Amino acid sequence: MDLNTVLAQLETADEEETEKFLRQYIRENSHTFSFDPEEESLRSKLCQSVLSVLGRRVKPSCQKTCLETLRILSRDKRVLAPVATREGMLILGGMARLNAGEEGDDNQNISQEDTQSEEEEERVVVVVEALKCLCNVVYNSPAAQQVSVDVQLVHGLCATLRTARTWHHEVGLFTLRLLFLVSALRPDVRGVLRREWHAVRLLTEVLEHTLDVSWVGPYEAARPDPQALPMPAEDNERAMEALKALFNLTLSDTGGEEDDHHFRLIAAILRHSLMLKTETEEKTEEAHSHAINLLNNLPVSCLDVFIDVPVQGGLEIYGGKNMDAVQMLIDFMEKRMDKQGSNYKEGLTPVLSLLTEGSRHHREIRRYIKAQVLPPLKDVKIRPEIGTATRNKLVRLMTHVDMGVKQTAAEFLFVLCKESVDNLLKYTGYGNAAGLLVARGLLAGGRGETQYSEDEDSDTEEYKSAKPFINPITGHVEEPMPNPIEEMTEEQKEYEAQKLVNMFDKLTRQNVIRPMGVRPDGTLAPLEETLCDPPEDSASDSD
């Protein structure tokens, strides 16, 4: 449909004709996401024309058609200037019932009970379409992001959060999505959302209601019924949007009313969410991923509510602590490691970081995870990175090409070993652990800075008997290699030695390699520096 024709017709069309022309445009462009650059100015004018229609009192069906048209146009970030204005955002905010503080019916929130009549159903559709438009516009236009702050759109969003118990599904879904987008794209608004509009508390209440949490203790939700139906897909969608918005708001300490109690409450709700299943395994994993991301933002001390569940009970071997949620995290880690072609940095490092910090600060969590991930060694004839056990997979990650993945996996194993270099080398070999040891300045051995309990894990008899024959570099028992110079004459040995010296000299002069040494503090340094450094006790050890 020719845009010039549409614009010309809209100038004189009445309400019914406007709907007719715009519906034809919608039919032809509903699946269009790439637009003709030469028609940018025409599409921008169409945005303005549609906003003009919305600014008048037209019936809900016409509002819906205009909003659907605007939603298609808002996919093109280059034509949003007419919408990214105070007038444009107020019109859309009014249609979405987000203009907090204004009087009249348009400011009343839509609830599930409101959708009885056909007219009310149309009004719900209008609100949903307006919210979808706002999501597109805010995502694609920095100018619209600023205007949304200026007109206090977040105030209206938070006011809508207070009605979550009576939400129509799509109204709630796109309200939460819009809040997520604003808080993601405007970090400066996060503090306002927390301090002035109490968004963290409101989102926590949304989660509590959506996940149908029933409390049996201060921070203990009732165990989900194993025979119950999976969590409905709509509830899971809203819960994930709430988790994403909460993640943004808790990324840093931007100030708010939250205290240790509130963060523990969130942790308890997240524990409950990890025990829930949705209609598909894929959606369950996605929901758990968002919960894990948010858990990484909470104070690590709050993880005690993960294992302190007195009503449900725990394992005597771990001081009566309940490890069900920790086991869910381990299972999630295993799935992400086994997923072919996955992005380890985004998919795996959050759960590794969470398990690392949980193990560092909670002894029972560390003991439980180590029993699963690093069981006592028995077979030491195979290289530690070869095999299908969890340890083998994690050791392989210690040499991953992505620096973040490599460091996170190594740190996780290091903490499980109570930050003991000797224990880490026992499970990984020196070659796999070298990157961590260099970064931590522990090439000379020793321990990290965290204090752990003194109890030590005993070695198996198989490991003790094989220990003298383990190659410390590769971490496994190797067959003795034949001595290559055993049958050489002295002249041949001298020739090969000189050849090796010449090769090293050439690589050094070309800066391909650089000889390094280890300082007394365990850090690497150029060899000439380490040779010049006097021993620490040289002053008291003179002849």
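The values are calculated or read from the model by the stated rules, or taken from the named source; none is laboratory data. These numbers come from a predicted model, not from an experiment. FYI the Cβ positions are ideal-geometry reconstructions off the backbone, even for glycines, and counts take in every protein chain you see. Heavy atoms of the whole protein, side chains included, go into the accessibility calculation; ligands, DNA and RNA do not. Shrake-Rupley method; radii C 1.70, N 1.55, O 1.52, S 1.80 Å.
At a glance:
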| read-out | value |
| --- | --- |
| Relative packing of 81-89, 398-406, 170-178, which averages over residues the other C-beta atoms within 10 Å, highest first | 170-178, 81-89, 398-406 |
| Approximate spin-label separation Arg23-Gln372, in nm, with each point projected 7 Å along Cα-to-Cβ | 5.6 |
| Mean Cβ neighbour count within 10 Å, used as a protection proxy, ranking 278-286, 138-146 highest first | 138-146, 278-286 |
| Computed over the range 201-278: relative contact order in percent, which uses C-alpha pairs under 8 Å that are six or more apart | 51 |
| Additional length obtainable on full extension of the chain from Glu39 to His169, 0.36 nm per residue less Cα span | 43.2 nm |
| Partner lysines for Lys493 [C-alpha distance under 21 Å; skip if fewer than 8 residues away on the same chain] | Lys506 |
| Members of Lys370/Lys418; Lys20/Lys64; Lys339/Lys370; Lys345/Lys393 lying beyond 19 Å, as alpha-carbon distances in this model show | Lys339/Lys370 |
| Solvent-accessible heavy-atom area per residue, rounded to whole Å², over the chain at 1.4 Å | 52 |
| Computed over the chain: relative contact order in percent, which uses C-alpha pairs under 8 Å that are six or more apart | 8 |
| Peptide ranges 61-71, 497-507 listed from the most packed, as the mean C-beta count within 10 angstrom indicates | 61-71, 497-507 |
| Of Lys277/Lys378; Lys59/Lys277; Lys45/Lys244; Lys321/Lys378, pairs whose Cα-Cα distance is over 32 Å | Lys277/Lys378; Lys59/Lys277; Lys45/Lys244 |
| Quotient of Cα Rg and 2.2 N^0.38 Å for the range 112-172, N being how many residues it contains | 1.26 |
| Percent breakdown of C-alpha pair distances by 10 Å bin, ordered from the shortest bin, for the chain | 3, 14, 19, 19, 15, 12, 9, 5, 2, 1, 0 |
| Relative contact order, percent, the range 324-474 [alpha-carbon distance under 8 Å, six or more residues apart] | 24 |
